[in-house]
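No lab work stands behind these numbers, since they all come straight from the coordinates. Keep in mind it's a predicted model, so treat the numbers as computed, not measured. With ideal geometry, Cβ positions are generated from the backbone for all residues, glycine too; neighbour counts draw on all protein chains shown.
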Amino acid sequence: MLRKICAIGNSCGVSIPKEILEKFHLTVGTQVEVKVDEKAKKIIIEPAVHKTPSEIIDREFAAQVNDFIEHYKPALKVLAQK
C-alpha cells in the first residue's frame, strides 16, 4: 500500500488507512510504538502494550502504600469529605 509522507507542524507523518485502523482496533489518540529495524530497513508501527499495575508497581512499595493508608485511614476519610 503506497502512502505519502506529509508535513505535520515541524514533524512528518503518514496516514493510516481506515481498514488497518479497524483491523487493529486503533482510534485517534491510541498510543502506538514506533520502532526501527535497521537491518531490514523497516519502520514498524504497532499498538502499544500497556503493562498491568502489578508489572509497574513494586510489591514492596505497594505494601508500604497500603500500610500508610491503613495507618492514616481516619485522617484520609476526613480529608476526602472536604
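Note on the chain: enclosed strands (runs of 3 or more DSSP E) holding 2 or more residues that are touching a Cys at 6+ places or on another chain (Cβ under 8 Å) are 11-13. Contact map, the stretch 8-19: first residue within 19 Å of GLU46 (Cβ to Cβ), second residue loosely packed, with under 10 Cβ neighbours inside 10 Å and among the charged types (D, E, K, R), Cβ cut-off under 8 Å, separation 6 or more or different chains; pairs are VAL14/LYS4. Kindly indicate whether any position in the stretch 4-16 is touching a Ser or Thr at 6+ places or on another chain (Cβ under 9 Å) and of a type in the set (D, E, K, R). Yes, the conditions are met somewhere in the stretch 4-16.
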